[in-house]
Structure formats: structure tokens, C-alpha cells
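Working notes, beginning with the structure itself.
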Amino acid sequence: MVQAEFGTQICGDLSAGAAREWLVTDGLGGYAMGTVSGLRTRRYHGLLVVAHPAPPRRIMALAALDPVVILPGGARVGLGTHEWASGAVDPSGYALLERFDLTDGVPRWRWRIGDVVVERELAMVRGRPAVAVVHRVLAGDAQLTVDALVTWRDMHGERYEADGILVDPAADGCTVEDAYRVTGPGFVADGRWWRGVHHREEAARGLAPNEDLYRVGTFTAAPGQPLDVLAWAGDLAEPPPPAADVLAAARGRRFADSLARAADAFVVRGPDVVAGYPWFGAWSRDTMIAYEGLFLTSGRFDEGRELLRAYAETLDAGMLANTADTGQVEHNTADATLWLLHAVERHVTATGDTDLAAALAGPGGPLGDVVDQHLAGTRYGLRIDTDGLLTQGADGHALTWMDAVVEGVPATQRRGKAVELNALWVNGLGALAALRRRTGGDPHDLDRLRGRALDAFRARFPAPTGWLYDTVDPDDTALRPNQVLAYSLPYAPMPPDPGLLGVLGAALLTPLGLRTLDPRDPAYRGTHRGTPAERDSAYHQGTVWPWLLGPFVDACRAARVPTEGLISGLVAHLGEWGLGSVSETADGDAPHAATGCPFQAWSVAELHRMVQPVEPVAPAP
């Protein structure tokens, strides 16, 4: 199964090749990641990034392996590619790339120097923080060596020569910081710092763009033999399998389609979900939105059941724990809990798992307490108001999925009764009632609450503009995509409305998803670029989000509006940026260049769900 394939026109163009990124994961949250050209454009690019569960973080370990070909006359040709703080690109091995392909999840590069052809392939060990990189001379007479560049730092930071590094050389390689090993043939220790390695993407994002890497030594293959390098963390006394076996195992993992393979990258041991590579960890909102497309569409029912139970255990005062990416677990989202109700109902509908329904939604179950806590009121002003609608808000906090905060102020002000939160509340009550019916319980109280919220929703949210208010109390008529959920959810509060969907599509629809704000709005930002503050300010003010296309397609199907061609842009996008995957965001303005994480869980999950809907299991009579 070929996920991507490029020849010299892309590989030999540094800008084009560096703009296309590949990703290989280990099933633990660790990864290897880089570009088609071989240029490390991000601080996050490396061949071994190790996931640490507690506290959750990832550590950059093996940064690069640079092949060097020694021709019969003694000339040395570097096949690696690095950019330096001076602006120089040296070596420029990308110019010698004959092709790159990503097949069955294994990236492969092939360089040609006259009649000499060198190939490299890479794979990770599933369930271990370990990588195998195989280099071969396929044709011609040449000697092959590889320079190993190492570090040991938080993936979000940098390390410099002044920080030093602890390396213990051995005959077959070395141990770095007593944390990981790098081994291969013909190792000769070196020990030199390469100063001022530049990451152009970090410079573009307004972040520290340079670091120093330690050239720990060189591996050399015997004539006619492959040059296999293994690197691993964890149990250093237990090396991974031979490189050829690691590659074979990676190729042997079979998936129903390319989207199932893309989805697999985000599901990690726990089970849990990495929200996006390279910089996101686990976020409950993202996990619950992506749940159907990652677990149900892929048939991962047992893992999904385990995940839902584990997440339900994090409920506190009716709120789901959000993320530990910030250094501590926080309960600071108004919608993640409501997405949990949706995910559990979707799971039970798809699998008929009434045991799970009884455990989570039955008498005394944690999901029933969610309703009680919302009725009583909980953190951040989150409560059900006297009209039956959900309201929320606290100074300095952005509690909806439009959660960017700039200098202590939410970039998108949505305090009050947000349209998608109330759609999710109405849907959540319907979901819980359906779960209760499946287990023989009485849903009368839930039906009563839902009826009250439903009447209030239909009375308050239709705006004189012809679409739904984005928030009420205070009223905000900004044309945003959040209202799509009022038509798309299984227990949606609004009947299908082809006219409204036509209005939304005309203003917000792009080939890669929906804009977060009408371009005619004075607050619209057409590009998602620049410093962190500039990007956060534009994050939900016009920036395109691919995941929103899923609810839009659902709403169109419910309204019997044709959906042909709506996902064709996303399908084509699979080969444009994060290879075989879907990006987090894109510019609101054409040509909608991708931004944010190149590999985003809910973007992939919603595309997968649209392409491969899950068939429901009817309740037992």
C-alpha cells in the first residue's frame, strides 16, 4: 500500500521536499519524523523521540543519521541535508535524491551519484521506544558510512554545547545520558559539536530556531553489507530485534485502507490518543470527538471500551479531565464531558455493549452524575440556567473548543450559552436516555430535561440573520461553523435545514474543511501564521479546521443535501503535507495552505468516519 511517492522534481527541490513530512510511531506516543528532503525543519524532527508517561512528555534522542558515500577515487559525498544559522545548506544531499516513497508505513529514500545508488529505510518497533534504520549500496562501487547526531532534550526545547552531554562509547556504538543506546557496525567515536543547526519552521513560528547537535561518531559498513543502525531507550540491556526483522514487522501490519493506517498512529498504549504529532499529547476533547473515527470505524472495540471506562474515571464535579500537556491535569473544558456522552452512546450503538451502557449510564453510574452536576452548577460558571440551557464563562478562560487565550484574554469571546455546547447538551440527554432504554431503565427524567432544553434551544438560537446565534446571553450573530452540530448530532436539537446549510457552505466551506468565521466579518483572519500570539489570535477567527467537515457532511446527509465532492480536497491533502494524514488547520484564504500539526487525530478520524460509516447494532427486543 503506497501512501506517497515522489521523484526528483519534489525531492530535488528543497522547499517542496521540506514541506512534506513523514511520521512513524511506536504505539507508545514516541515517534520518528522528518521531511522528504531529509532536512530537519522543526525542533521536533528526529529518528528517535521517546515518550515518557509520567509526567507525560517526549524527549528528542537520536536527531539524525547522515549517510556519506566514499567513491573509489576517495571523494566523499554527503547525503544528509542540514540548514545552518548562517543560512547555508550543507551538505545538500537532497539534490541527489532520486526518489522517496512511503509504502506500508515505511519511508524509503534513494540517492544516485552517477552509477552509485544508496537506499535508506526506517521503521520503529511496535510497543518499544526503538528505531531501526537500514542503509544499503544498491548499485555501483562505493563505501558507505553514517554520521550519528545525538541529543537528549525535551522535544519542545533546545540543547547547546554549553549544556554538555554524557556519552559512554562502546565497540558497537554508544550510550547517551544513560538513557538510550545507538549501535551499528564499524563504530568509531568522534565527539564534536555541530553548532547552529537551524529549523526554518520554528523561525517561521516565532520560536527559538537553532540548536547544537553532538556528532557522537561514525558507523561504517563492510563492503557489500547493509549498514544497520539501531537506537533504543528503556531496557538498554535488551536490544531490539535485527533491523531487517523490524522492517518486516512494520510492513506486515495490515490495515483495511490508508485512513485506517493513518488513524493507527494516534492510538497508543493505555489505551489513549495522541491528539496530534508532533507537539500535542492527550486531550480529552480531541479524544472524544475523534473516538468514532479512531476506534469504531477501525473495529477497535475492546480498546475503545477500555478507554471510555478510563476517561469516565477522571470525571470530577461533572467535568472530564482535559489534558496533562500543561504540566498538570486540569478540568477546564465545557464540552469534553458532553462529547464523552456522545462517544459512549456511539460505542454502544455500534457494538450493542449493554454492559458498558449499564456501568457508565446506569443507576449510580458516572454519566448520570454529569447531569446532576450540570444542573447544580460546577466550575467556571458551568451550569444549566433557569431556561434549561447550558451557560458558562469565567474571566481569562476559554472553555469551548475555541480555546485560544492571548495574554490572559480569550481570543474568541464565547462566554454565555454557546450554540454547540447546547446542541451537545440536548444530544447528551438524548444519548443518556437511549443508553438507559437499552439497559431497561426509565429515561423519563432525562426526556423531561431534554424536552425543556429542546424548546428553549429552538426558541432562542434562531437569529434574525437567517442562521443560528453563535452564543446567546449575550447574543452573538457571528457566522461560525459551531451551529452545524445543532443539525448533525444523532439527537440534534434542530431539524435538517438545507437552506441554512447552503448559507454556511457558501461562507465557510473550503476544500480542507470549514472556516471558523465568515470572511466578511471584520474580525476575520485569513492566515494562520507568525508568532504564537499571532497564530493564537487567528486560530478560530477564520482558520480552516478539517474536523468540522465531518459534522457538516452529517448535517447535509440528514437534510438530503448532496455531499458528492465535499471530501475530495481532504483526500487529495493526504499526499500534500503530513504524508498519509490530515493537518490540524489551514489558512482561511485560498489556496488554504496547511498549518498547525501536520498529523492531527480528529482531522483523520472525521475523514475516516465520513468514508467508512459504522453500522449500528439494533437494541435487543
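The values are calculated or read from the model by the stated rules, or taken from the named source; none is laboratory data. Keep in mind that this is a model prediction, so the values were computed, not measured. For neighbour counting, all protein chains shown are included, and Cβ atoms are generated from backbone atoms with ideal geometry for every residue, glycine included.
Overview of results
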| item | result |
| --- | --- |
| Residue satisfying all of: in the stretch 271-318; in a loop (DSSP other than H, G, I, E, B) and among the aliphatic types (A, V, I, L, M); surrounded by the fewest Cβ atoms within 10 Å (Cβ to Cβ) among these | A317 |
| Tally, over the stretch 214-239, of residues that are within 27 Å of the chain's Cα centre (by Cα) and not small (G, A, S) | 2 |
| Count of the stretch 365-413 residues which are hydroxyl-bearing (S, T, Y), in a loop (DSSP other than H, G, I, E, B) and surrounded by 16 or more Cβ atoms within 10 Å (Cβ to Cβ) | 3 |
| Residue within the stretch 178-191 that is surrounded by fewer than 18 Cβ atoms within 10 Å (Cβ to Cβ) and at pLDDT below 95 present | yes |
| Tally, over the stretch 227-243, of residues that are in contact with a strand residue (DSSP E or B) (Cβ under 6 Å, 6 or more places away or on another chain), more than 9 Å from A130 (Cβ to Cβ) and outside any strand (DSSP E or B) | 2 |
| Of all residues making up the stretch 449-477, the number that are crowded, with 21+ Cβ neighbours inside 10 Å, more than 24 Å from A433 (Cα to Cα) and among the hydrophobic types (A, V, I, L, M, F, W, C) | 3 |
| Count of the stretch 460-487 residues which are under 19 Å from Q541 (Cα atoms) and either outside the structural domain of V553 (by TED's automatic domain parsing) or without any contact (Cβ under 8 Å) to a residue 12 or more places away in the chain (or both) | 0 |
| Pairs where the first residue, in the stretch 521-541, is closer than 14 Å to L508 by Cα and the second is β-branched (V, I, T) and part of a loop (DSSP other than H, G, I, E, B), C-beta under 8 Å, 6+ apart | R525/T543; H540/T412; H540/T516; Q541/T412; Q541/T516 |
| Restricting the stretch 9-23 to residues that are surrounded by fewer than 19 Cβ atoms within 10 Å (Cβ to Cβ) and either modelled with pLDDT under 95 or not aliphatic (A, V, I, L, M) (or both), the residue that is farthest from G80 (Cα to Cα) | Q9 |
| Single unsatisfied condition, V419 versus (1) surrounded by fewer than 24 Cβ atoms within 10 Å (Cβ to Cβ); (2) closer than 20 Å to F457 by Cα; (3) in contact with a helix residue (DSSP H, G or I) (Cβ under 6 Å, 6 or more places away or on another chain) | (1) |
| Scan of the stretch 142-161 for residues that are over 34 Å from the mean Cα position of the chain (by Cα) and not in a loop (DSSP other than H, G, I, E, B), ordered by number | Q143, L144, T145 |
| Of residues in the stretch 127-141 being in contact with a strand residue (DSSP E or B) (Cβ under 9 Å, 6 or more places away or on another chain), modelled with pLDDT of 95 or more and outside any strand (DSSP E or B), the one nearest to M60 (Cα to Cα) | P129 |
| The stretch 41-88: number of residues that are modelled with pLDDT under 95 and aromatic (F, W, Y) | 0 |
| Counted residues, the stretch 88-126 - those being farther than 18 Å from A64 by Cα and in a strand (DSSP E or B) | 9 |
| Answer from G164, G173 - the residue that is surrounded by 19 or more Cβ atoms within 10 Å (Cβ to Cβ) and of a type outside the set (F, W, Y) | G173 |
| Qualifying residue in the stretch 429-436 (condition: more than 30 Å from the chain's Cα centre (by Cα), in the same structural domain as A459 (by TED's automatic domain parsing), hydrophobic (A, V, I, L, M, F, W, C) and part of a strand (DSSP E or B)) | no |
| From R159, R205, R192, R215, residue being in contact with a helix residue (DSSP H, G or I) (Cβ under 8 Å, 6 or more places away or on another chain) and in the same structural domain as P226 (by TED's automatic domain parsing) | R205 |
| Given (1) in a helix (DSSP H, G or I); (2) at positive phi, index of the condition G542 fails | (1) |
| Residue list for the stretch 434-459, restricted to those being farther than 30 Å from T477 by Cβ and touching a residue at least 40 places away in the same chain (Cβ under 8 Å) | A434, L435, R436, R437, R438, T439, G441, L446 |
| Count - residues of the stretch 521-541 that are surrounded by 22 or more Cβ atoms within 10 Å (Cβ to Cβ) and over 20 Å from the mean Cα position of the chain (by Cα) | 2 |
| Matching option when the condition is under 30 Å from A282 (Cβ atoms), assigned by TED's automatic domain parsing to the domain that holds T151 and either buried (at least 17 other Cβ atoms within 10 Å of the Cβ) or at pLDDT 95 or above (or both), among L122, L97 | L122 |
| From P72, P56, P129, residue being in the same structural domain as A208 (by TED's automatic domain parsing) and buried (at least 18 other Cβ atoms within 10 Å of the Cβ) | P129 |
| When residues of the stretch 206-233 are limited to those that are exposed (fewer than 15 other Cβ atoms within 10 Å of the Cβ) and either touching an Asp or Glu at 6+ places or on another chain (Cβ under 7 Å) or not hydrophobic (A, V, I, L, M, F, W, C) (or both), the one nearest to V176 (Cα to Cα) | A208 |
| Residue within the stretch 249-263 that is surrounded by fewer than 24 Cβ atoms within 10 Å (Cβ to Cβ), of a type in the set (D, E, K, R) and over 22 Å from P613 (Cβ atoms) present | yes |
